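Asks: Handing you this structure, nothing more for now.
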Amino acid sequence: MLTILGMGFEFELVADHSEIYGFLSQDEPERLPTWSIGVRCGPARLLPLEGESAEDLSFRREEFEFVSGEGCHASISGLDIPVKSWHDLAGQCISVEFEASSPIMPSDPGEFYYEAHHWHTNRNQIEFGTRSNNVFPVRWKFMAEDDEENMTEVQVEAIIPFRYFKVWFKNSSDLSIPAAVRAVSRYAEEDELGEPYEHHGHYVVIPLRSDG
């Protein structure tokens with residue numbers, strides 16, 4: 001579930017479009033992977049708020065009809081969690097705060113799409129639970145901030161699969177699937193890895209065999 005706490009909106013998450021993955025740069029072979037989380041919302045429901053008047057509820061219901069139709073999604077990337085394997089994300093906790101930047105820039109590390117526009121994901125608190133195969137329970141709290149300094153608290157509680165590693169090559173001419181597999185095999189067992197493929201000329205994506 002993704003809950004926008006102060007507004008009393010709760011969204012189910014779409015498991016097939018939610019993921020954890022690891023990122024490696026071939027140009028920095030000694031650097032540990034960074035980790036990313038992405039979730040996409042499905043059906044929504046309106047939660048009661050304590051002490052809410054009938055007038056406020058009516059106004060909130062109108063807003064809810066709009067945002068539930070628009071949907072929402074949230075992502076965070078570049079998480080520095082120093083582990084020896086993707087398995088070891090289990091039990092990890094991390095706090096992350098970002099400087100304000102445009103939430104639609106490709107380099108932005110956190111984004112929450114809601115109310116048909118983009119918010120920053122800031123003041124992040126993330127906990128990974130006990131792993132089952134390639135799936136982790138995740139608790140993620142953050143403050144969503146927009147460019148007009150509006151702010152709302154969001155909480156994600158979900159079961160999210162670890163899906164793949166992505167290896168970046170600065171020069172597309174240097175792209176090598178065997179080199180990418182060697183890099184990833186430092187953080188995953190080779191028999192866990194599926195068929196690699198090139199992506200956008202600068203990446204090799206290596207999925208896990210079990211993609212639940």
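Asks: Please count how many residues of region 190-211 are modelled with pLDDT under 90 and touching a Lys or Arg at 6+ places or on another chain (Cβ under 6 Å).
Replies: 1
Asks: Something else now. Anything in region 27-80 that is buried (at least 17 other Cβ atoms within 10 Å of the Cβ), of a type in the set (A, V, I, L, M, F, W, C) and without any contact (Cβ under 8 Å) to a residue 60 or more places away in the chain? List them, or say none.
Replies: If the condition is that a residue be buried (at least 17 other Cβ atoms within 10 Å of the Cβ), of a type in the set (A, V, I, L, M, F, W, C) and without any contact (Cβ under 8 Å) to a residue 60 or more places away in the chain, then 35, 41, 44, 64, 67, 79 are the ones that fit.
Asks: Keeping to region 140-182, report how many residues are surrounded by fewer than 20 Cβ atoms within 10 Å (Cβ to Cβ), of a type in the set (A, V, I, L, M, F, W, C), under 19 Å from residue 30 (Cα atoms) and in contact (Cβ under 8 Å) with a residue 60 or more places away in the chain.
Replies: Summing the residues that are surrounded by fewer than 20 Cβ atoms within 10 Å (Cβ to Cβ), of a type in the set (A, V, I, L, M, F, W, C), under 19 Å from residue 30 (Cα atoms) and in contact (Cβ under 8 Å) with a residue 60 or more places away in the chain in region 140-182 gives 3.
Asks: For residues that are hydrophobic (A, V, I, L, M, F, W, C) and under 23 Å from residue 137 (Cα atoms), scanning just region 33-46, find the one that is nearest to the chain's Cα centre (by Cα).
Replies: Residue satisfying both the conditions and the ranking: 37.
Asks: Within region 83-98, work out how many residues are within 18 Å of the chain's Cα centre (by Cα) and surrounded by fewer than 13 Cβ atoms within 10 Å (Cβ to Cβ).
Replies: Qualifying residue count for the region: 4.
Asks: Which of the residues belonging to region 24-60 are outside any strand (DSSP E or B), aliphatic (A, V, I, L, M) and in contact with a strand residue (DSSP E or B) (Cβ under 6 Å, 6 or more places away or on another chain)?
Replies: 47
Asks: A follow-up question, please. Among the residues of region 168-189, is there at least one that is at pLDDT below 95, out of contact with any His (no Cβ under 6 Å at 6 or more places or on another chain) and at positive phi?
Replies: There is no residue in region 168-189 that is at pLDDT below 95, out of contact with any His (no Cβ under 6 Å at 6 or more places or on another chain) and at positive phi.
Asks: Considering each of 102, 107 in turn, give the residue that is over 26 Å from residue 32 (Cβ atoms), part of a loop (DSSP other than H, G, I, E, B), modelled with pLDDT under 90 and among the hydroxyl-bearing types (Ser, Thr, Tyr).
Replies: 102
Asks: Would you call residue 71 in contact with a Gly (Cβ under 9 Å, 6 or more places away or on another chain), closer than 20 Å to residue 1 by Cα and at pLDDT below 80?
Replies: yes
Asks: Right, here's the next one. Could you pull out every one of the strands (runs of 3 or more DSSP E) wholly within region 111-198 that has 3 or more residues that are farther than 26 Å from residue 91 by Cα and within 18 Å of the chain's Cα centre (by Cα)?
Replies: Here the list reads 117-128.
Asks: Among the residues that make up region 203-212, is at least one of them in a strand (DSSP E or B), in contact (Cβ under 8 Å) with a residue 60 or more places away in the chain and closer than 29 Å to residue 14 by Cα?
Replies: yes
Asks: Right, here's the next one. Let me spell it out: the conditions are (1) surrounded by 13 or more Cβ atoms within 10 Å (Cβ to Cβ); (2) among the aromatic types (Phe, Trp, Tyr); (3) farther than 16 Å from residue 37 by Cα; (4) modelled with pLDDT under 80, and residue 114 meets all of them except one. Which number is the exception?
Replies: Status for residue 114: all satisfied but (4).
Asks: Name the single residue that is surrounded by the most Cβ atoms within 10 Å (Cβ to Cβ) among those in region 125-139 being touching a residue at least 60 places away in the same chain (Cβ under 8 Å) and out of contact with any Pro (no Cβ under 6 Å at 6 or more places or on another chain).
Replies: The selected residue is 136.
Asks: Read through the list (1) farther than 25 Å from residue 113 by Cβ; (2) at pLDDT below 90, then give the number of the only condition that residue 93 fails.
Replies: Against the list (1) farther than 25 Å from residue 113 by Cβ; (2) at pLDDT below 90, residue 93 comes up short only on (2).
The values are calculated or read from the model by the stated rules, or taken from the named source; none is laboratory data. Since the model is a prediction, treat every value here as computed from it, not as a measurement. All Cβ positions, even for glycine, are placed from backbone atoms using ideal geometry, and neighbour counts span all protein chains on display.
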